Each structure stands twice: as C-alpha cells, then as structure tokens.
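Worksheet: one structure, shown below.
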Amino acid sequence: MALWDRIKESASTMQTQLVAKKNDLKSGAFRDASMAMCALVAAADGTVDPSERQRVAQLIVGNEVLQNFPADDLRRRFEENLNRLTTDFDFGKVSVMQEVAKAKKKPAEARAVIQIGIVIGGADGDFDKDEQAVVREACYALGLPPHEFDL
C-alpha cells in the first residue's frame, strides 16, 4: 500500500474512533488540549501560511467530535495557540505543550488529542516528519507511548 493511502486510511480510522467516543469528550481540558494540538500540527515546520491556517480552521469547525464546543470558542483558542507559536516557536511551544498536557489525567481524552493531531496532520495526505515529531512530543507530554499511534 502506498504511503499516501496508509496516511489517509490511518486518519480515517482515527476519525472513526474519535466519533465513537464523542460523548465522552466534552471537558474543557480536552477542548484546550485539542486546540493546542491543532496549532502545533499547523505550525510544526515553524511557519504557518494563511492557506494552512484556513484549512486547519475549517477542519476544526467541520470535525464532528469538536462540535461539542462552540465554533467561535474553538477558533479563538486555536488562533491564540498559533500566535504563541508564530511569535516565538520554541518559547510558544512550551506554553502550547502545557495546554496539550491538560488532557493527561484522562487517558481516553489524551488518546483522542493525539488522534486529532494525526487526523489534522494527515488531512492533506502528507503527515510529514515535522508534524509527526510534534505529535510524538505530545505523546510524551500526555504520558502515552508514541508506538501506540505508529509514531
């Protein structure tokens, strides 16, 4: 199977698993960690161009699992995290990883945050090495083994 197909299949599988857990994913910690994860993936290469920002924002609003939360609130949190990362990536990353770590206390939420990162990263069919690296780091922040997600 081609890498492109494996990435699409993996992202699709993750999204299906997330939808199955939708009713368990309503906490503020999950919301905050998810938006931080989306920003990390969007800025993984150290830059965020306007089209990428727009694409990720559309994925957030269109994600069935994240519809538990008001779209304006999600967008605001995503933008705040992105601004931290684009102002000073290394310093901002510390702050954004702290947001990701909010989901650590609930393993189901922690796994869902990682799955959202994979879904967002793989949405364009190219879950690149920078995106994989930030999702792997998020695994460590959440106390999860990266190999559980093929990272």
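Averaged per residue, segment 47-102 has 55 square angstrom of accessible surface, using a 1.4 angstrom probe with ligands and nucleic acids left out.
Note on exposure: Phe91, Phe30 ranked by accessible area (1.4 Å probe, complete protein assembly) read Phe91, Phe30, with the most exposed listed first.
Each other residue within a Cβ distance under 12 Å of Leu40 adds +1 if Lys or Arg and -1 if Asp or Glu, for a net charge of -2.
The residues packed around Glu80, meaning those with a beta-carbon under 12 Å from its beta-carbon, carry a net charge of 0 if Lys and Arg are +1 and Asp and Glu are -1.
What order do you get for 32-40, 130-138, 47-55, 96-104 when each peptide is scored by the mean count of other beta carbon atoms within 10 Å, highest first?
Taking the mean over residues of other Cβ atoms within 10 Å, the ranking is 32-40, 96-104, 130-138, 47-55.
Modelled this way, with points 7 Å down the Cα-to-C-beta line, the labels at Arg55 and Glu80 are 2.7 nm from one another.
Phi angles across segment 52-57 convert, under the Karplus curve 6.51 cos²θ - 1.76 cosθ + 1.60 with θ = phi - 60°, into 3J(HN,Hα) values of 5, 4, 5, 4, 5, 4 Hz, Gly and Pro given as x.
Net charge near Gly92, counting Lys/Arg +1 and Asp/Glu -1 over other residues with Cβ under 12 Å of its Cβ? If you can, show how the numbers build up before the last one.
On the way: positive: Arg84, Lys93; negative: Glu80, Asp88, Asp90, Glu99.
Result for the neighbourhood of Gly92: -2.
Working note: Debye formula, equal point scatterers on the alpha-carbon atoms of segment 90-149, no solvent; log10 I(q)/I(0) at q = 0.14, 0.16, 0.25, 0.26 Å⁻¹ is -0.35, -0.46, -1.06, -1.12.
Out of the total accessible area of segment 87-127 (probe 1.4 Å, heavy atoms of protein only), what percent is carbon and sulfur? Spell out each step's value before the answer.
Details: 1040 of 1880 Å².
That fraction is 55 percent.
The values are calculated or read from the model by the stated rules, or taken from the named source; none is laboratory data. Only a predicted model underlies this, so the values are computations on that prediction, with no experimental measurement involved. Every residue, glycine among them, receives a Cβ derived from its backbone with ideal geometry; neighbour counts consider all protein chains shown. Areas reflect the complete protein model, heavy atoms only, side chains present, ligands, DNA and RNA absent. Shrake-Rupley method; radii C 1.70, N 1.55, O 1.52, S 1.80 Å.
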